1. Within region 670-702, work out how many residues are of a type in the set (D, E, K, R), closer than 30 Å to T228 by Cβ and either assigned to a helix (DSSP H, G or I) or in contact with a Phe, Trp or Tyr (Cβ under 7 Å, 6 or more places away or on another chain) (or both).
2. Do the conditions hold for D199, that is, is it assigned by the TED database to the domain that holds D321, on the phi > 0 side of the Ramachandran plot, among the charged types (D, E, K, R) and open to solvent by 10 Å² or more (accessible area, probe 1.4 Å)?
3. Could you identify the single residue in E245, E261 that is on the phi < 0 side of the Ramachandran plot, charged (D, E, K, R), open to solvent by less than 30 Å² (accessible area, probe 1.4 Å) and touching a residue at least 12 places away in the same chain (Cβ under 8 Å)?
4. Return only the number of the condition from (1) in a loop (DSSP other than H, G, I, E, B); (2) touching a helix residue (DSSP H, G or I) at 6+ places or on another chain (Cβ under 9 Å) that F423 does not satisfy.
5. It is to be established whether one or more residues within region 590-598 are open to solvent by less than 30 Å² (accessible area, probe 1.4 Å), within 30 Å of K402 (Cβ to Cβ), in the same structural domain as Q644 (by the TED database) and modelled with pLDDT of 95 or more.
6. Specify which of the listed residues (L271, L277, L285) is touching a Phe, Trp or Tyr at 6+ places or on another chain (Cβ under 9 Å) and assigned by the TED database to the domain that holds P202.
7. Given the options K254, K218, K229, name the one that is on the phi > 0 side of the Ramachandran plot and surrounded by fewer than 21 Cβ atoms within 10 Å (Cβ to Cβ).
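The values are calculated or read from the model by the stated rules, or taken from the named source; none is laboratory data. This one's a predicted model, so the numbers in the text were calculated from it and none came from an experiment. Cβ: placed from backbone, ideal geometry, glycine included. Neighbour counts: every protein chain shown. These accessible areas exclude ligands, DNA and RNA; they are computed on the full protein's heavy atoms, side chains included. Shrake-Rupley method; radii C 1.70, N 1.55, O 1.52, S 1.80 Å.
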Amino acid sequence: ACFLDSMATLGLAAYGYGIRYEFGIFNQKIVDGWQVEEADDWLRYGNPWEKARPEYMLPVHFYGRVDHTPEGVKWVDTQVVLAMPYDTPVPGYKNNTVNTMRLWSAKAPNDFNLQEFNMGDYIEAVLDRNLAENISRVLYPNDNFFEGKELRLKQEYFVVAATLQDIIRRFKSSKFGCRDPVRTCFETFPDKVAIQLNDTHPALSIPELMRILVDVEKVDWDKAWEITKKTCAYTNHTVLPEALERWPVSMFEKLLPRHLEIIYALNQMHLDRVAALYPGDIDRLRRMSVIEEGDCKRINMAHLCVIGSHAVNGVARIHSDIVKNSVFKDFYELEPEKFQNKTNGITPRRWLLLCNPGLADVIAEKIGEGFITDLSQLKKLLDFIDNETFIRDVAKVKQENKLKFAAYLEEQYKVKINPASMFDVQVKRIHEYKRQLLNCLHAITLYNRIRCNPSKSFVPRTIMIGGKAAPGYHMAKMIIKLITSIGEVINNDPYVGDKLKVIFLENYRVSLAEKVIPAADLSQQISTAGTEASGTGNMKFMVNGALTIGTMDGANVEMAEEAGEENLFIFGMRVEDVEALDRKGYNAREYYETLPELRQAIDQISSGFFSPRDPGCFRDVVNMLMHHDRFKVFADYEAYIKCQGQVDQLFMDPREWTRKVIRNIACSGKFSSDRTITEYAREIWGVEPSATAIPPPNLPRN
């Protein structure tokens, strides 16, 4: 969404393509402290922003078989599903540019299941239309996890096949720089079209473009491969092995038989090249193959993307380095020039102007409105770092945002919080690598310190944690239950009062992010170093005047570089330390034995202190932390608790805290998606962004 906003604002002729899911990510309800999912029927009252375009409806083929004939290859006896486009306008910021987001919805053809062999059961056949239309029914809610379901593969091919037909139709009918009344020559295709593969989900674009060029348009194979590679570029979004798409060959054989043949041929070509360069290195061939041998033969979609693209990028510098030095190391050695970095960014229109108008006004008052489309201008705020009125105004806006959010929480969820407390926020999908458990351990440690010494003065905190767990991810659901259970105990303990509250923010989504982020004092970005590709929430908090407590992971590294490490609360292992600990062997028990506050917290979780009605409730969580924690929560516990102590110290000096906030805001300019998209445009797509508004429709063009 940020990228679409930036592309329109930068005047790029760009389209966003995807699926028009009837049901988006589930709505999250918390019942007895557990997550319960309910369907998100977002279209129930209609969607005024979309326009159906039945005149551009396109057929998508599945199943069938491949005929090799003298006239060429034919994919026959297929089942057809129609793709109906829905267009949503994407306006640029005050530049009279409106781009299009085109989302495809699945429709059964009118003769679906009514062909000759099925004349008898008309009613059954019409009811079976649902089978075809289920393709765009529901979004798979997994985050950083691959589940090899056939319906998901159908979704992936559906969006790819419809989109590529659309792109080629548009290419053929455009008259620009073309003597043919209708374009038949594809030589210039990569000069006119760039396809950015957002993760491996649209990886089938590579064999599908090959299929169209070779089988349909009769382009020579090698020429088609050159065109395909020049057209496609791939963005990698994760290094977690369980997230990488590896589809069973058997599924392809059935669903997309021609694509399987093409992938085999591309892989053979690729392996021949590798074998010529590294004679006798059989292990390298195995590592680099698109096809993984084994009990179940699989297609590695990331490898397909790398060989089929002219550019491969990660989404933050540290992530792009990991991509080059570990995930795709062999491919980097083969073609280092392919690999790039494009650090993510967020749109300041939504994530500053729209969600935090108070802060935007205070900024504009000092430096004008240029920052809205050139966020680097926030640097000018450094001149006001010691300006008492500015310090006061920034602090005042934050306090107003906190009061407003506190009122919202009370109104919606009947929870009362202390608006003078530090709003300590961790909102993101629930996942072991994001280490919401580390946050829980800090909350428990704080609680134990208060209980130990109730008369001592504590910096009051409201710890807010929010996010959805994938419905099938047991540990993530247990983490939610743990958070709500800790809150139950702490929030009802009279010794604690309003010194500490733990709140689970239900149904975290963009509309809630727009409310909570402007109100946050502290942003928690605490993933194990080397696991979070970039993160973008970290950037949203930074531009909205929260300070960050975080590890050297993802874009946190570049945030610390921009603002100065001393202006963030950086703690814990670096990637090198994690690797060293892996070599040595991580032993959670060592930390448990030597850190009394950690041991106390774990014993409390374990003994049922936080689940008196079900003492064994959290045994799976404790067992994971003690015996198979891939993300080394205990290894960073001590540094994290110490760092949180430094957060408390600074919060007690509101003027110094606010000066650090101003420094952070002033240094957040790099994290505009306008900068990110400008880099994609120049370094991958070969187009130049334009800052000048086109004339409005009521004025002549020239």
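1. Result for region 670-702: 5.
2. Here the answer is yes, as D199 does meet what is asked.
3. Of the residues listed, the single one that is on the phi < 0 side of the Ramachandran plot, charged (D, E, K, R), open to solvent by less than 30 Å² (accessible area, probe 1.4 Å) and touching a residue at least 12 places away in the same chain (Cβ under 8 Å) is E245.
4. Single failed check for F423: (1).
5. Within region 590-598, not a single residue is open to solvent by less than 30 Å² (accessible area, probe 1.4 Å), within 30 Å of K402 (Cβ to Cβ), in the same structural domain as Q644 (by the TED database) and modelled with pLDDT of 95 or more.
6. None of the others qualify; the one that does is L285.
7. Result: K218 is the single residue among K254, K218, K229 that is on the phi > 0 side of the Ramachandran plot and surrounded by fewer than 21 Cβ atoms within 10 Å (Cβ to Cβ).
Conditions (1) part of a helix (DSSP H, G or I); (2) more than 32 Å from the chain's Cα centre (by Cα); (3) modelled with pLDDT under 95; (4) crowded, with 21+ Cβ neighbours inside 10 Å, marked per residue:
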site: Q399; (1), (2), (3), (4): yes, no, no, no
site: A407; (1), (2), (3), (4): yes, no, no, no
site: P419; (1), (2), (3), (4): no, no, no, no
site: V459; (1), (2), (3), (4): no, yes, no, no
